[in-house]
Amino acid sequence: DTGVSQNPRHKITKRGQNVTFRCDPISEHNRLYWYRQTLGQGPEFLTYFQNEAQLEKSRLLSDRFSAERPKGSFSTLEIQRTEQGDSAMYLCASSPQGGGRYYNEQFFGPGTRLTVL
Amino acid sequence: GDSVTQMEGPVTLSEEAFLTINCTYTATGYPSLFWYVQYPGEGLQLLLKATKADDKGSNKGFEATYRKETTSFHLEKGSVQVSDSAVYFCALTKEAGTALIFGKGTTLSVSS
């Protein structure tokens with residue numbers, strides 16, 4: 001079990017550029033979540049996938065943001081026309097379906113830190 | 001809507017001191033409650049959890065009890081170490097497959 005991985009770990013971009021982040025969940029976890037964390041705040045929910053279906057989106061996910069999870073494996077989060085306010089840590093988490101020991105737990109990746117200049 | 005409120009930090013303690021970080025929540029129904037920890041330069045790690053009223057979660061010397069009557073889930077440790085220095089987040093979720101709702105986090109700094 002290698003844990004949740006995210007790439008890149010850091011991204012610096014200029015305002016107006018598009019960026020894409022990737023998340024690889026723990027294998028066999030069919031639930032995947034994206035969160036955004038700004039300095040001094042707790043993570044805020046962006047969106048949730050069960051397998052390849054995007055089941056929930058936060059109001060924080062403006063139309064410049066899009067997330068996909070083709071084939072229910074890895075996921076990508078794209079931000080178009082980046083703004084300075086998009087600077088944050090973007091976190092991915094995954095969880096297994098069903099009950100048992102890990103009921104309700106989400107396992108987080110190390111995050112991608114985005115800086116928009 | 002549902003929310004989590006944590007005591008504001010930073011909390012500065014000497015090694016072996018007693019730690020309490022307060023956490024209260026607002027939610028309908030019966031949420032599950034969590035404490036996550038974020039060490040410097042690392043990702044969020046689950047520290048402990050409780051899924052029903054009066055449950056006590058514990059790990060690495062940390063404890064928290066799910067108190068429905070006071071809607072609280074305070075984190076405690078009897079004797080902190082320098083290695084406990086981190087940011088601690090209280091969180092809740094209503095059910096599996098839904099968003100975690102986090103507090104703003106409390107920074108703990110322990111000196112030797």
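The values are calculated or read from the model by the stated rules, or taken from the named source; none is laboratory data. All values derive from a computational prediction rather than experimental measurement. Positions of Cβ are backbone-derived with ideal geometry, glycine not excepted, and every protein chain shown enters the neighbour counts. Accessible surface is based on the protein model in full, side chains and every heavy atom, while ligands, DNA and RNA are left aside. Shrake-Rupley method; radii C 1.70, N 1.55, O 1.52, S 1.80 Å.
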Search region B:1-17 for residues that are closer than 15 Å to B:VAL87 by Cα and pair each with any residue that is open to solvent by 70 Å² or more (accessible area, probe 1.4 Å) when their beta-carbon atoms are under 8 Å apart and the residues are at least 6 apart or on different chains. B:THR5/B:THR26; B:GLN6/B:LYS104; B:GLU8/B:LYS104
(1) over 18 Å from A:GLN41 (Cβ atoms); (2) open to solvent by 20 Å² or more (accessible area, probe 1.4 Å): which one isn't true of B:PRO40, the others all being true? (1)
Being more than 14 Å from chain A (Cβ to nearest Cβ), open to solvent by 50 Å² or more (accessible area, probe 1.4 Å) and either among the polar types (S, T, N, Q) or outside any strand (DSSP E or B) (or both) is the filter here, so list the residues in region B:47-60 that pass it. B:ASP54, B:SER58, B:LYS60
Scanning region A:39-64 residue by residue, those within 14 Å of chain B (Cβ to nearest Cβ) and in contact with a helix residue (DSSP H, G or I) (Cβ under 9 Å, 6 or more places away or on another chain) turn out to be A:PHE49, A:GLN50, A:ASN51, A:ALA53
Please identify the pairs in which a residue from region B:35-46 that is outside any strand (DSSP E or B) has its Cβ atom under 9 Å from the Cβ atom of a residue that is of a type outside the set (S, T, N, Q) and open to solvent by less than 20 Å² (accessible area, probe 1.4 Å), counting only partners at least 6 apart or on another chain. B:TYR39/B:ALA86; B:PRO40/B:ALA86; B:GLU42/B:ALA86; B:GLY43/A:VAL4; B:GLY43/A:LEU91; B:GLY43/A:GLY109; B:GLY43/A:GLY111
In region A:77-117, which residue that is under 15 Å from A:GLN41 (Cβ atoms) and facing chain B (nearest Cβ under 10 Å) is most open to solvent (accessible area, probe 1.4 Å)? A:MET89
